[in-house]
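Student: Have a look at this one.
The values are calculated or read from the model by the stated rules, or taken from the named source; none is laboratory data. All figures in this text were calculated on a predicted structure; none of them were measured in a lab. Glycine gets a Cβ as well: all are built from the backbone with ideal geometry, and neighbour counts include every protein chain shown. Only protein heavy atoms, including side chains, enter the accessible area calculation; ligands, DNA and RNA are left aside. Shrake-Rupley method; radii C 1.70, N 1.55, O 1.52, S 1.80 Å.
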Amino acid sequence: MADKRADIPDALNEEYYQINLDILESFSKYRPPLSLFRFKEDVARVMSYCQAGERLSNEKVEELAALVEEGLVFVSRDDHPVYVKHISYQLDLVLVDKNLRESEIADIFAQALTRRLAEFFDQPVALVFAKLWADIMVLTEYLFRDAHRVRALTKRLHAEHSLENHSFNCGVMGLAVYAKAKAAQFEAGDIKRKGFDHLAVGLFAHDLGMSKVPAFIREKDKPLTPDERAKVQRHTQTGYEMLTKLDLRFPEIEECVSEHHERLNGSGYPQKKTGALSEAGRLCALADSYCAMTTKRIYAPALEPMKAAAALAQDPGYDSEFARSLQALLLATGKLK
Ligand SMILES: [Fe+2]
Ligand SMILES: [Fe+2]
């Protein structure tokens with residue numbers, strides 16, 4: 001089919017997103033949630049087409065679809081927050097929208113994944129997990145095309161502690177460290193997609209067992225009693241058991257969930273495993289601790305990223321190769337403080 005899309009001056013893309021049919025169809029058909037603009041070829045200018053929430057007639061709906069197909073319809077980048085929120089509910093649109101910048105895509109992923117994680121922790125059942133899974137698969141598809149893209153996500157970590165924020169941070173940092181440590185293998189096409197998908201799910205969902213720990217313990221702002229601590233420490237085992245119910249028996253996911261509190265020198269829990277930790281388990285342990293150390297906790301202030309990474313690199317409980325990759329990543333992204 002001949003390309004019907006109009007030639008659009010580059011400068012336009014600075015101010016507007018050109019939208020395609022997938023994006024248009026994701027809007028409410030008769031009441032688009034944001035103002036739309038039309039590129040008038042004869043005057044080479046963008047003009048208002050309809051206002052946010054305006055009711056469109058049947059004729060206008062049809063006309064709009066035809067204009068979108070010709071590449072003549074735009075939304076303003078000033079509407080970024082509305083657009084991000086909208087796309088974050090239909091994350092696969094990120095993969096088809098050619099006009100989004102890397103930083104805008106990172107915003108969308110951060111919003112979508114954090115919300116999906118919160119929904120799952122609130123209601124830890126297979127139906128809700130399926131949505132989280134689907135969104136993580138959009139992310140892995142996006143990163144598999146170019147693993148460096150994960151860097152934009154590392155600039156969107158949450159500063160406040162909550163289970164969903166921590167889980168998002170850990171997923172992103174785990175994938176970023178992995179991309180750094182395995183850069184050559186990614187380049188050579190030696191990383192298997194399935195393993196990467198499962199690793200990503202394992203990193204984001206490593207603390208799923210925490211969803212069964214009562215919120216008053218999880219959110220307690222005082223030191224835990226020994227009994228409460230025991231309940232918290234059971235979360236890796238609980239999480240592992242939940243994987244069966246969720247039908248998620250894949251090695252990388254199981255390893256992240258069950259080993260992220262184990263340490264290479266046997267100082268971790270629950271099994272005090274030693275050197276026999278899996279690669280996914282070692283990666284998840286490092287990402288988990290790094291994210292905890294760099295977030296303000298009730299018993300300790302947030303550490304600066306480089307200080308946390310240096311402490312982990314010297315700690316015999318952690319994988320030194322992944323710890324060095326974390327340091328290199330922080331240096332490369334300028335995230336020193
Ligand atoms: Fe944990
Ligand atoms: Fe964790």
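Student: Grab the eigenvalues of the alpha-carbon gyration tensor for the stretch 125-168, scale each by 5, take roots, and send me the semi-axes largest first in whole angstrom.
Tutor: Computed over the stretch 125-168, the values are 20, 19, 5 Å.
Student: Given the stretch 94-240, what whole percent of its Cα pairs are spread farther than 25 Å?
Tutor: 32
Student: A further question on this structure: In terms of the ratio Rg/(2.2 N^0.38 Å) built on C-alpha atoms, what value belongs to the stretch 97-170?
Tutor: Against the empirical 2.2 N^0.38 Å value, I get 1.11 for the stretch 97-170.
Student: Quickly rank 266-274, 132-140, 236-244, 224-232 as a protection proxy: mean count of other C-beta atoms within 10 Å, highest first.
Tutor: 132-140, 236-244, 266-274, 224-232
Student: Return the sequence-ordered ³J(HN,Hα) values of the stretch 211-227 in whole Hz as given by the Karplus equation 6.51 cos²θ - 1.76 cosθ + 1.60 applied to θ = phi - 60°, using x for Gly and Pro.
Tutor: Values, residue by residue: 5, 9, 7, x, 4, 5, 7, 4, 9, 4, 9, 10, x, 6, 6, x, 5 Hz.
Student: Between the stretch 191-260 and the stretch 17-84, what is the C-alpha centre distance in whole Å?
Tutor: So the two Cα centres are separated by 43 Å.
Student: From zero outward in steps of 10 Å, how is the percent of C-alpha pairs of the stretch 162-205 spread across the bins?
Tutor: Result, from short to long distances: 29, 50, 18, 3 percent.
Student: Another one. Under 5 Å between amide H atoms, partner at least 5 residues away or on a different chain: which partners does LEU264 have, H built in plane at 1.01 Å?
Tutor: Counting only residues 5 or more places away or on other chains, the set is TYR318.
Student: So what are the radius of gyration and Dmax for the Cα set of the stretch 82-138, in Å?
Tutor: When restricted to Cα atoms, the stretch 82-138 yields Rg and Dmax of 11.5, 35 Å.
Student: Oh, and also: May I have the convex hull volume per residue, in Å³, for the Cα set of the stretch 188-262?
Tutor: Here the figure is 105 Å³ per residue.
Student: Can you check how the C-alpha radius of gyration of the stretch 254-300 compares to 2.2 N^0.38 Å, as a plain ratio?
Tutor: Compactness ratio reported: 1.16.
Student: While we're looking at this one, here's another question. How large are Rg and Dmax for the stretch 208-337 when only the alpha carbon atoms are used, in Å?
Tutor: 15.4, 43
Student: Going down the table (LYS155/LYS307; LYS98/LYS131; LYS29/LYS85; LYS40/LYS60; LYS155/LYS220), which pairs top 21 Å between alpha carbons?
Tutor: Beyond 21 Å between Cα atoms: LYS98/LYS131; LYS155/LYS220.
Student: May I pose another question? Please report the base-10 log of the normalised intensity I(q)/I(0) for the stretch 1-126, using a Debye sum with one equal scatterer per alpha carbon and no solvent, at each q in 0.12 (1/Å).
Tutor: The Debye formula, applied to the Cα set alone, gives -0.48.
Student: Could you give the nm distance between label points at ALA215 and ALA184, where each point is 7 Å from its Cα heading toward the beta carbon?
Tutor: Spacing of the two 7 Å Cα→Cβ label points: 4.9 nm.
Student: Here is a further query. Roughly speaking, what is the stretch gain from SER103 to ARG156, that is 0.36 nm per residue apart minus the C-alpha to C-alpha distance, in nm to one decimal?
Tutor: Between SER103 and ARG156, full extension yields 18.2 nm more.
Student: Please pull out the direction-averaged projected area of the stretch 43-114, using the convex hull of its alpha-carbon atoms, in nm² to one decimal place.
Tutor: 5.9
Student: Keeping all protein chains in place, calculate the accessible area per residue for the chain (probe 1.4 angstrom), answer in Å².
Tutor: 49
Student: Could you estimate the translational diffusion coefficient of the stretch 1-71 from the Stokes-Einstein equation, with Rh from the Kirkwood formula over C-alpha pairs, at 20 °C and 1.002 mPa s, in whole µm²/s?
Tutor: 167
Student: Let me ask something else. For the stretch 153-231, compute Rh as the Kirkwood radius over C-alpha pairs and then the Stokes-Einstein diffusion coefficient at 25 °C and 0.890 mPa s; write the answer in µm²/s, rounded to an integer.
Tutor: 168
Student: On the principal axes of its Cα set, how long, how wide and how thick is the chain? Give whole Å, largest value first.
Tutor: So the three principal-axis extents are 72, 40, 37 Å.
Student: Which one of ALA152, LEU175, PHE186 is farthest out on the positive end of the charge dipole of the stretch 104-208, using unit charges on Cβ (Lys, Arg +1; Asp, Glu -1) and the Cα centre as origin?
Tutor: PHE186
Student: Let's test the formula: R0 of 25 Å, r as the Cβ-Cβ distance of ALA230 and GLU119. What FRET efficiency results, to the nearest 0.05?
Tutor: Computed FRET efficiency for ALA230 and GLU119 comes out at 0.35.
Student: After finding the eigenvalues of the alpha carbon gyration tensor for the stretch 153-285, what semi-axes result from the square roots of 5 times each, listed largest first in whole Å?
Tutor: Equivalent ellipsoid semi-axes, largest first: 26, 17, 14 Å.
Student: Carbon and sulfur atoms: what percent of the 1.4 Å accessible area of the chain do they account for?
Tutor: That share works out to 50 percent.
Student: Taking 7 Å along the Cα-to-C-beta vector as the label spot, tell me the GLU62-ARG193 distance in nanometres, rounded to one decimal.
Tutor: So the label points at GLU62 and ARG193 sit 4.0 nm apart.
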